[in-house]
Amino acid sequence: MKSLNEKKQIQLAEEEIKKYASIVESDPNRLRYHLMPPVGLMNDPNGLIYWKGTYHVFYQWMPFQTTHGAKFWGHYTSRDFVHWERQAPALAPSEWFDRNGCYSGSAVDNDGVLTLFYTGNVKDDDGTRHTYQCMAISSDGVRFEKKGVVVHLPDGYTAHFRDPKVWKHENKWYMVIGAQSEQLDGKAVLFRSDDLMHWEHIGAIAGGEGGSFGYMWECPDVFRLSRKDVLIVCPQGLQPEGMHYQNVYQAGYFVGQLNYETGKYVHGTFTELDRGFEFYAPQTMVDERGRRVMIAWMGVPDQDEDQHPTIAYRWVHALTLPRELVLIGDKLYQRPIEQLQLLRSDEVHHPNVFLQKEVRQFDGVKGKTVELLLKHIDGKGVLSIHIQNNVSFSYDFEQKVATLERESFARNGVKEKRQCLLSQLHTIHMFIDTSSIEIFLNDGEEVFTARFFPKEENEHISFQTNAEASFHLSKWKLC
Ligand code: FRU
């Protein structure tokens, strides 16, 4: 049973949805095939799980304002990963251990009981922060009952200790938590349990030392893929380095081997997951077919969040498309989940395109909700794709640099860019959804994710080269 206070909070959130539904839905920047909040602010995806034939995506949600605050867990479900249904909010901040927010966490199936782990965030009147790792359970997948605190803050860490990700390995449960040590280094901290209630603190499996790799690590995730152990994490406090670490905070991964007995994790260097502007707090799950699927927040904390034009319509942010992860060597490839093909219509093909010092548009290749696929790409000079007169993707065949450029929505149209090195380019797979773009290069070798907000509504897509380029072009309307 939920407490009276939690029920009241949920009722207030439902009223907020009703009150602003028509304003939210009238926003021309509203996305068509991504998960968004029904009202208010959305951030991290939480509790991703395939459970009893249904996909569950929970998310960090502030229903009452478009800024951060005492978070709820919003909830969507789907049978196929592309058509989603909103469910009642799963968790609301209401108890002594989570009154300032039910922060990020994860879900597991415990013998048929859908079990959530989340961080109870508490702030005293004087600003002192407390953190509790909490549990909630459900037998029907839609009504959740809080079970209280299962992990208290161990010695050696500040109260920036959150985002439990739980999984099972050889009949034991493990939990990894994002942390800040008392020396102010970011860490990923491991716990072990037999029953999900009592947790043994194993220790930090990875982290910076002496300020070498950020002051806080958020939203860790550990999983096994192709006989290696991957740790995804979001370090805060890295300085930009050339084309790297250009966003306010980062999201990336390590690949190595984790010794579950000792908690020793031998791993390689950190690699960013995304090269675009808006990407943070990814979480993964195993799907119906055993694939490792990742969804992230299409936003970054403190990165011009208050400048999104959608705020005028009472909502802000969205989640990325689900992406299948594949490990090749020590490199994670991200591929848009295959079920997205269910959304395709109005197919157009232009095989054997050849461009020479020109800008060209193609019959039927335009729109606001579009999937574009360029295959067998070859060229000289620079190939660019311009979208809605606002955002461009280009590849420089001589410099071997991929660039995403957009008009800033925060600095009145100033052009801003993100870049990465890419030794060759053979495939561009692009998903445009009104005000979001996700670009997968070479079957997911690199990905650029961003929001963009065109000044006037248009459906323009054009292709340009300053030398020459050839490719096969396919396009589908999505939705
Ligand atoms: C990451 C994060 C998490 C935290 C949550 C609060 O974006 O800061 O560390 O649990 O958001 O909404």
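Read-outs throughout are calculated quantities, based only on the coordinates presented, and are distinct from any laboratory measurement. Because the structure is a prediction, the values reported are computed rather than measured. Positions of Cβ are backbone-derived with ideal geometry, glycine not excepted, and every protein chain shown enters the neighbour counts.
In terms of its C-alpha gyration tensor, the range 1-92 comes out oblate, because a/c is 1.5 or above while a/b does not outweigh b/c.
Among the listed pairs 52/475; 2/71; 19/71; 8/71; 18/146; 71/165, which have their C-alpha atoms separated by more than 23 angstrom in this model? Beyond 23 Å between Cα atoms: 52/475; 18/146. Per-residue 3J(HN,Hα) values for the range 180-197, derived from phi via the Karplus relation 6.51 cos²θ - 1.76 cosθ + 1.60 with θ = phi - 60°, read 10, 6, 4, 7, 6, 10, x, 9, 10, 10, 9, 10, 9, 8, 8, 10, 6, 9 Hz in sequence order (x marks Gly and Pro). The 3J(HN,Hα) values that the Karplus relation (6.51, -1.76, 1.60; θ = phi - 60°) gives for the range 252-258 are, in residue order, x, 8, 10, 10, x, 10, 9 Hz. Gly and Pro appear as x.
For the peptides 334-344, 260-270, 89-99, the ranking by mean Cβ contacts within 10 Å, running from highest to lowest, is 89-99, 334-344, 260-270. Using a/c under 1.5 as the rounded threshold, could you call the range 339-478 rounded, prolate or oblate? The axes a ≥ b ≥ c are square roots of the C-alpha gyration tensor eigenvalues, and prolate needs a/b larger than b/c, oblate otherwise. Here the range 339-478 falls in the rounded category.
For residue 417, a cut-off of 17 angstrom between C-alpha atoms picks up these aspartates and glutamates, skipping any fewer than 8 places away in its own chain: 241, 272, 274, 278, 304, 396, 405, 407, 438, 446. Each of 141, 118, 202 was scored by the projection of its Cα onto the charge dipole of the range 4-336, and the greatest displacement toward the positive side belongs to 141; charges sit on the C-beta of Lys, Arg, Asp and Glu. The magnitude of the dipole of the chain, with charges of +1 and -1 set on the Cβ of Lys/Arg and Asp/Glu and taken from the Cα centre, is near 620 debye. Peptides 7-20, 31-44, 385-398, ordered by how many other C-beta atoms sit within 10 Å of their residues on average, highest first, read 31-44, 385-398, 7-20.
Computed on the chain, with alpha-carbon pairs under 8 angstrom and 6+ residues apart, the relative contact order is 13 percent. In terms of the mean number of neighbouring beta-carbon atoms within 10 Å, the peptides 143-153, 118-128, 212-222 order highest first as 212-222, 143-153, 118-128.
The residues 354, 223, 279, when put in order of fewest to most other Cβ atoms within 10 Å, stand as 354, 223, 279. Straight distance only, please: which lysines reach the Cα of residue 168 with their own Cα at less than 17 Å, same-chain residues fewer than 8 apart left out? Straight-line reach from residue 168, under 17 Å: 228. Converting phi to 3J(HN,Hα) with the Karplus coefficients 6.51, -1.76 and 1.60 and the offset θ = phi - 60°, the range 381-394 yields x, 10, 9, 10, 10, 9, 10, 6, 6, 9, 10, 9, 10, 9 Hz in sequence order, with x at every glycine or proline. Listed by chain and number, the aspartates and glutamates whose alpha-carbon sits under 20 Å from that of residue 7, ignoring those within fewer than 8 places in the same chain, are 15, 16, 95, 98, 140, 145.
Determine the shape class of the range 58-156: with a ≥ b ≥ c the square roots of the Cα gyration tensor eigenvalues, call it rounded for a/c under 1.5, and otherwise prolate if a/b is greater than b/c, oblate otherwise. Since a/c reaches 1.5 but b/c is at least a/b, the shape of the range 58-156 is classed as oblate.
Treating each Cα of the chain as one equal point scatterer and applying the Debye formula with no solvent, the log10 of I(q)/I(0) at q = 0.09, 0.10, 0.14 Å⁻¹ comes out as -0.59, -0.73, -1.42.
Helix 4-25 and the longest principal axis of the Cα set of the chain meet at an angle near 10°. Cβ crowding within 10 Å ranks 23, 432 as 23, 432, fewest other Cβ atoms first.
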